[in-house]
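Colleague: Starting off with a structure, shown below.
The values are calculated or read from the model by the stated rules, or taken from the named source; none is laboratory data. Quick caveat, the model's predicted, so the values are computed rather than measured. Note: ideal-geometry Cβ built from the backbone for every residue, glycine included; neighbour counts use all protein chains shown.
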Amino acid sequence: MQGTTSGSGRPTGDKPAIRPAAGRLGVLTPGLGAVATTFMAGVESIRKGHSKPIGSLTQMATIRLGKRTEQRSPLIKDFVPLAGLDDIVFGAWDPIPDDALTAARKAGVLEEKDLLPVADFLSAIKPMPAVFDNKYVTRINGTNVKTGKTKRDLAEQLRQDIRDFKTKHKLDRVVIVWCASTEIFIKPGPQHATIEQFEKAMERNDDAIAPSMLYAYAAIMEGVPYANGAPNLAVDTPALIQLANDKGVPIMGKDFKTGQTWMKTVIAPGLKARMLGLAGWYSTNILGNRDGEVLDDPASFKTKEESKLSVLHDILQPETYPDLYKDFAHVVRINYYPPRGDNKEGWDNIDIVGWMGYPMQIKINFLCRDSILAAPIVLDLALFMDFAHRAGMKGIQEWLSFYFKSPMAAAGLHPEHDLFIQQTKLKNTLRHYMGEDQITHLGVEYYAS
Ligand SMILES: NC(=O)c1ccc[n+]([C@@H]2O[C@H](COP(=O)([O-])OP(=O)(O)OC[C@H]3O[C@@H](n4cnc5c(N)ncnc54)[C@H](O)[C@@H]3O)[C@@H](O)[C@H]2O)c1
């Protein structure tokens, strides 16, 4: 976080005033699959009064302000100037030409009774042709795809799409949340080191430049905040991070934290808080949606695996606590199993170690709905990154790490994974920008008589 606070916690000095959330906010998603359609259907259902925004901090959470005795705990949305749900306009890109209603039906997340009241709304959302290449997502064959001589041409077409979308819907602002398939694993290379090298690589159609990077580049060039819901690199390269800083654009990622990793970032801090050891953590999943099918490809799974594996190590700090966490085994598996559709099931076996080295076990059986958990995250990210942009924040938004399995962090820094530290950081950032004291829960009371 840049800037300092006065004694009262009010931002001082160089911070620009927060621009109001006037006008309409466009939310564009590369990908119009299970997550994106569940998000859009849900927002419309909430706008019509048919549903409640369960799972969304921006809509349901309160934030304590000042001392406990002051009894001030407004809803976040009443405290922070966020765009209202009625002001959101949706758009998407997808290589599959299905409109949002057809895509939602195929995804099979929402029941017909919940789709029918929003059916007309969803069928009007038709995906723009995508920048898509089978090389990066091997299990999908799309027909709704842009053509161009170079990757740079394709990025320029995406920029034009953003401008056209903004004009067509008379939007004040736009944000982008990547809800498209997980691409194959790509290691950052010289092509991603500087923006000059990145642009040259686009021009010579270098394989190291994946479609997700073109969306990210287009977004930043258009001054549009970009959140990456998948584990692929996309915006997490030195070139694009620098570009975002130069252009004053908030960026964030990677990979929505919805399932087993969310549980890990709740339970691992608990084990560490009690100084209990860990011998091993075995996680396996069955998943039958299209995401599961894409992740069945080892190259896409490798991207996901990298994103899932780092969490425990970063939370448990084996270097600091070798007696407790040195050499624990950590295995993550995802198996594509079509009968389950979007209703994934995950099993965790956690081998922990207690007093005098006695082994104990914890088992978690996680029966959840992937997109039901992801949809409110998309909404919160869209609203918070729009707020961040209006508040003058730019570059990596570490305060939104709460929402990601593999949070982006400044070069040389370890990301923070502990869900409760992430939550505190999120709320303190809001307090800080709104001129309230940060709350650390560190006040000491005097108990002696
Ligand atoms: N649901 C969750 O809990 C969760 C959690 C973390 C991350 N994610 C990630 O979110 C993403 C979306 O998940 P989903 O369940 O909606 O998957 P999905 O397969 O239902 O939808 C993805 C859509 O992206 C489209 N797509 C692929 N490449 C594209 C491109 N280059 N441009 C535009 N569209 C493209 C596909 O055609 C598909 O329609 C995946 O990457 C997934 O790994 C999901």
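Colleague: Condition first: more than 14 Å from the ligand (Cβ to nearest atom), hydrophobic (A, V, I, L, M, F, W, C) and under 25 Å from Gly253 (Cα atoms). Now tell me which residues in the stretch 287-334 satisfy that.
Modeller: Leu309, Leu312, Ile315, Leu316, Val331
Colleague: Inspect the stretch 207-216 for any residue being at pLDDT 95 or above and at positive phi and give the result as yes or no.
Modeller: no
Colleague: Tell me which residues, restricted to the stretch 194-223, are of a type outside the set (D, E, K, R), in a helix (DSSP H, G or I) and away from the ligand (no atom under 16 Å from the Cβ).
Modeller: Matches in the stretch 194-223: Ile195, Gln197, Phe198, Ala201, Ile220, Met221.
Colleague: Another question, then. Looking at (1) outside any helix (DSSP H, G or I); (2) of a type outside the set (S, T, N, Q); (3) surrounded by 15 or more Cβ atoms within 10 Å (Cβ to Cβ), which is the only condition Met360 fails?
Modeller: Unmet condition: (3).
Colleague: Given the conditions (1) within 13 Å of the ligand (Cβ to nearest atom); (2) over 30 Å from Trp355 (Cβ atoms); (3) assigned to a helix (DSSP H, G or I), and given that Lys254 satisfies all but one, which numbered condition is not satisfied?
Modeller: Here Lys254 meets the rest and fails (3).
Colleague: Continuing with this model, one more query. Could you list, in sequence order, all residues of the stretch 257-289 that are closer than 21 Å to Ala34 by Cβ and part of a helix (DSSP H, G or I)?
Modeller: Listed by number, the residues that qualify are Gln260, Thr261, Trp262, Met263.
Colleague: Could you list all residues from the stretch 46-85 that are assigned to a strand (DSSP E or B) and touching a residue at least 12 places away in the same chain (Cβ under 8 Å)?
Modeller: Scanning the stretch 46-85 gives Thr62, Leu65, Leu75.
Colleague: Filter the stretch 97-127 down to residues that are buried (at least 18 other Cβ atoms within 10 Å of the Cβ) and among the small types (Gly, Ala, Ser) and give me whichever is modelled with the lowest pLDDT.
Modeller: Ala107
Colleague: When residues of the stretch 335-374 are filtered for being farther than 17 Å from Leu271 by Cβ, among the aromatic types (Phe, Trp, Tyr) and more than 16 Å from the ligand (Cβ to nearest atom), how many remain?
Modeller: Counting residues in the stretch 335-374 that are farther than 17 Å from Leu271 by Cβ, among the aromatic types (Phe, Trp, Tyr) and more than 16 Å from the ligand (Cβ to nearest atom) gives 1.
Colleague: Filter the stretch 72-100 down to residues that are within 14 Å of Val43 (Cα to Cα) and more than 23 Å from the chain's Cα centre (by Cα), then give me how many there are.
Modeller: Result for the stretch 72-100: 0.
Colleague: May I pose another question? So is Met275 surrounded by fewer than 21 Cβ atoms within 10 Å (Cβ to Cβ) and in the same structural domain as Gly346 (by TED's automatic domain parsing) or not?
Modeller: Criteria met by Met275.
Colleague: Additional query: Does Asp94 satisfy being among the acidic types (Asp, Glu), more than 10 Å from the ligand (Cβ to nearest atom) and at pLDDT 95 or above?
Modeller: no
Colleague: What are the residues in the stretch 363-382 that are surrounded by 14 or more Cβ atoms within 10 Å (Cβ to Cβ) and not in a helix (DSSP H, G or I), if any?
Modeller: Ile364, Phe366, Cys368, Arg369
Colleague: In the stretch 129-146, which residues are closer than 22 Å to Gln160 by Cβ, surrounded by 17 or more Cβ atoms within 10 Å (Cβ to Cβ) and over 22 Å from the mean Cα position of the chain (by Cα)?
Modeller: Pro129, Asp133, Asn144, Val145, Lys146
Colleague: Tally time: how many residues in the stretch 383-408 are buried (at least 24 other Cβ atoms within 10 Å of the Cβ), assigned to a helix (DSSP H, G or I) and not hydrophobic (A, V, I, L, M, F, W, C)?
Modeller: So the answer is 3.
Colleague: Can I ask one more? For residues in the stretch 224-247 being touching a residue at least 60 places away in the same chain (Cβ under 8 Å) and more than 16 Å from the ligand (Cβ to nearest atom), which is nearest to the chain's Cα centre (by Cα)?
Modeller: Pro225
Colleague: Tell me, please, whether a residue that is within 16 Å of the ligand (Cβ to nearest atom) and of a type outside the set (D, E, K, R) can be found in the stretch 73-91.
Modeller: Looking for residues that are within 16 Å of the ligand (Cβ to nearest atom) and of a type outside the set (D, E, K, R), one finds at least one in the stretch 73-91, hence yes.
Colleague: Go through the stretch 86-117 and give me each residue that's in contact with a Leu (Cβ under 8 Å, 6 or more places away or on another chain) and assigned to a helix (DSSP H, G or I).
Modeller: Asp87, Ala100, Leu101, Ala103, Ala104, Arg105, Leu115 - these are the residues of the stretch 86-117 that are in contact with a Leu (Cβ under 8 Å, 6 or more places away or on another chain) and assigned to a helix (DSSP H, G or I).
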